[in-house]
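Single-structure report; data block below.
Every read-out reported here was derived from the displayed coordinates using simple, explicitly stated rules and does not represent laboratory data. Everything numeric here is computed off the predicted structure, so don't read it as measured data. Please note: Cβ atoms are built from the backbone with ideal geometry, for glycine as well, and neighbour counts cover all protein chains shown.
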Amino acid sequence: MSDQTAPFRADVVGSLLRPTAIKNAREKGDRDLRRIEDAAIKHAVEEQCQCGLKVVTDGEFRRAWWHFDFFEGLEGVEGIDAEQGIQFSGVQTKSRNVRVTGKLGFGAHPMLEDFKYLASISGGAMPKMTIPSPSVLHFRGGRNVVSRDAYPNIDDFFDDLARVYKEAVQAFYDAGCRYLQLDDTVWAYLCSDEQRAQVVARGEDPDALARTYARVINQALENKPEDLVIGMHVCRGNFRSTWISEGGYEPVAERLFGSVNIDAFFLEYDSDRAGDFAPLRFIKPGHQKVVLGLVTTKTGELEDPKTIKARIREAARYVSLEQLCLSTQCGFASTEEGNAISEAEQQAKLKLVVDIARDVWGE
């Protein structure tokens, strides 16, 4: 794998701390918000490049949430004020959710223009687009957030969901995207006894859902262009430096790594909540890559490079070092509130990833 090919030895998950200028403009309803966002994104791209990264994102600066903004841009989906927020460890998000009210469609999604702007200012770096995985639209609310009028048969919903994502993949490709990341908390939730129990309590089978989600993702990626790299980031929750689920990847590893046709898995490995590296034995030899999220975004304290390098060597017992890369465990601001970390600490974390990757792989 060349250092010019996605995924990169030193990669980036996606979201960055929202600059004060964006927060202030959004709070005031500033009519110049788009221009302010543009300037902030350009600066963020420059800072990522200064760290030595060969891949850049727009920091998700135009979004309030990592997932809801994308879903609300789909036809047949609307945002709603939920009864309560999403419960993290000791803290809860704002009360927000989405529901499917009609037949799904991709249409003229506004984030296509967001990507085009990123691509126009990325210089020599590769612009990466991040969107939520299709499974995320269903998992949190289950059948209750999918209109029974529009989809009396839930299988028809999943077929449409796969079709819409296939259209999304092609649309981003046509816009110039060659590196697309699906952010997917669901697979980590299906490793959590507590989350699985919640699925059972609402009358669904978590193992059946895993099979369905794998099928939907694979259908969405059927016949994808060969020069488009699709990554998947698996996360246990990231809100104000807290988390939702815990549990190693073993319960889903064989199905996720062995059957879902993803080019690169971004896996959270910054704490004991993620378990050990043994599930990586299911990663397919050769093409498929694993981007180890060994550097946390939840605290500003810098990791010891020796410790990170030792963990990379440990992971290499289960999957070839040539198939491994390094990143932070998650983004720095999955929602606009951001994690409890400063912009200077964020920059230092990204540079640490680059420096360690250069030492390990010499690229």
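Given contacts defined as C-alpha pairs under 8 Å and at least six residues apart, what's the relative contact order of segment 264-348, whole-number percent?
Details: 117 pairs, mean separation 32.1, N = 85.
Taking the mean separation of contacting Cα pairs over the length of segment 264-348, I get 38 percent.
For R143 and R96, a Förster radius of 22 Å and the Cβ-Cβ distance give a FRET efficiency of 0.65, rounded to the nearest 0.05.
Counted residue by residue at 0.36 nm each, then reduced by the alpha carbon distance between them, the extension gain from A175 to E78 reaches 32.4 nm. Here segment 249-268 is scanned for amide nitrogen atoms under 20 Å from the site 7 Å beyond the Cα of D207 along Cα-to-Cβ, giving 249-260. With R₀ set to 30 Å, the beta-carbon distance separating N24 from L302 gives a calculated FRET efficiency near 0.55.
Helix hunt in the chain: which complete DSSP H runs extend at least 20 Å axially by C-alpha with mean Kyte-Doolittle at least -0.5? List each step's numbers first, then the result.
Working: long enough: 33-50 (25 Å, -0.68); 154-174 (30 Å, -0.24); 206-220 (21 Å, -0.23); 343-361 (27 Å, -0.22).
Helices passing the filter in the chain: 154-174, 206-220, 343-361.
Taking the average, over residues, of other Cβ atoms within 10 Å as the packing measure, peptides 323-334, 97-108, 225-236 rank 323-334, 225-236, 97-108 from highest down. State the Cα centre-to-centre distance between segment 1-65 and segment 308-363 in whole Å. Centre-to-centre distance over Cα atoms comes out at 17 Å. Projected label points at E322 and N223, each 7 Å from Cα along the beta carbon direction, are separated by 3.3 nanometres. Residues whose amide H lies under 5 Å from that of V229, counting only those 5 or more places away or on a different chain, are Y179, L180; hydrogens are built 1.01 Å from N in the peptide plane. With contributions of -39500 (n - 2.57) from each DSSP H run of at least four residues, the per-residue ellipticity at 222 nm computed over the chain stands at -11500 deg cm²/dmol. Length available on full extension from D193 to E314: 0.36 nm per residue minus the Cα-Cα distance, which gives 40.9 nm.
Please give the FRET efficiency for R215 paired with K116, using the beta carbon to beta carbon distance and R0 = 45 Å, rounded to the nearest 0.05. Don't jump to the answer; show the numbers that get you there.
On the way: r = 31 Å, r/R0 = 0.69.
Once the sixth-power term is evaluated, E becomes 0.90.
Matching the structure-derived volume of the Cα convex hull per residue in Å³ against the labelled list [x] 126; [y] 151; [z] 142 gives the label [x].
Step through the table entries K116/K298; K42/K166; K28/K298; K289/K309; K116/K224; K54/K349, compare each Cα-Cα distance with 23 Å, and write down the pairs that go over it. Don't skip to the answer; put the middle values down first.
On the way: K116/K298 30 Å; K42/K166 29 Å; K28/K298 28 Å; K289/K309 17 Å; K116/K224 20 Å; K54/K349 15 Å.
The pairs that break the limit, which is 23 Å between Cα atoms, are K116/K298; K42/K166; K28/K298.
For the chain, the relative contact order comes to 21 percent (Cα pairs under 8 Å, sequence separation of at least 6).
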